[in-house]
Amino acid sequence: MWDQTYLLSELPPEAETAEEVEFICEVLELTQEATVLDLCCGQGRHGQLLVDRGMRVVGLDSSRFLLMEARKNGFSSQHRLHLVEGDTRHIPVKSACDAVINLFTSFGFFEDGENKRVITGVAAALKPGGQFLLEYWNPYTVLHLDRTRNWWWMSESLLALAEVEYDSASGRLSDYRTVVDISTGAAEESVNRIRFYFPTELKAMLASAGLKVRAMYGDFDYSPFVMESRRLITIAEKC
């Protein structure tokens, strides 16, 4: 799922990415010399802008394809950036980061115990007083996506279908994707499953790893989180 079709269909415009990075720097109070771990960095759309601001960035992602795209764009040619292919459950950084960021609904891919392991790794990567920014869809609105189907054109020849199922008992969303190449008739299928945690669950998980929630926002416009918010952006600090 994290291949060229992701680059064709999933990304917001550059202006929106710039606004997100501005928000990140402000709420985390990042200085020019800060060290940031970009967890699930993808092709580096946030990390590049952080490097441009003078920060040191470690980008970790499990997708070799997206990391190769980051390198093609010159993202890895800068001495302030290090790209790592790896699993978020095995973060190879210890007590070195001023901040860890996890954006674009890139958390909750595993069972509860393994998701907690990711959070424990985040805490271990942070310096004392370091901060973690976690952003994904508002879990209260996700349940309304159950049984929805959407078609859209990814390119002149690629037609995509997304079918969503939400299991309220487990809090897990299954996103089934089918991409059809009209020119050849070939079809590719994939599925992405994400466990969405409600604020109380998330606070408890973070607290168990020594991370105290200090703010929750509903979007990158600094609006407070409410049930109708577009997103859930959580800011937690290492105690």
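Considering the range 178-225, the residues that are touching a helix residue (DSSP H, G or I) at 6+ places or on another chain (Cβ under 9 Å) and of a type in the set (Val, Ile, Thr) include one that is farthest from GLU114 (Cα to Cα), namely VAL179. Any residue at all in the range 102-123 that's in the same structural domain as CYS40 (by TED's automatic domain parsing) and part of a strand (DSSP E or B)? Yes - at least one qualifying residue is present in the range 102-123.
Every residue, every condition in (1) out of contact with any helix residue (DSSP H, G or I) (no Cβ under 9 Å at 6 or more places or on another chain); (2) closer than 16 Å to ALA96 by Cβ; (3) touching a residue at least 60 places away in the same chain (Cβ under 8 Å); (4) surrounded by 13 or more Cβ atoms within 10 Å (Cβ to Cβ), yes or no:
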| position | (1), (2), (3), (4) |
| --- | --- |
| LEU11 | no, no, no, yes |
| GLU14 | no, no, no, no |
| VAL21 | no, no, no, yes |
| ILE24 | no, no, yes, yes |
| VAL27 | yes, no, yes, yes |
| GLU33 | yes, yes, no, no |
| LEU37 | no, yes, yes, yes |
| GLN43 | no, no, no, yes |
| LEU49 | no, no, no, yes |
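Of everything in the range 188-204, what is modelled with pLDDT of 95 or more and surrounded by fewer than 17 Cβ atoms within 10 Å (Cβ to Cβ)? Give them in sequence order.
ARG193, PHE198, PRO199, THR200, GLU201, ALA204 - these are the residues of the range 188-204 that are modelled with pLDDT of 95 or more and surrounded by fewer than 17 Cβ atoms within 10 Å (Cβ to Cβ).
Just one of the numbered conditions (1) farther than 23 Å from VAL213 by Cα; (2) assigned to a loop (DSSP other than H, G, I, E, B) is not true of CYS41: (1).
The values are calculated or read from the model by the stated rules, or taken from the named source; none is laboratory data. This one's a predicted model, so the numbers in the text were calculated from it and none came from an experiment. No Cβ is skipped: glycine too gets one built from the backbone with ideal geometry, and neighbour counts run over all protein chains shown.
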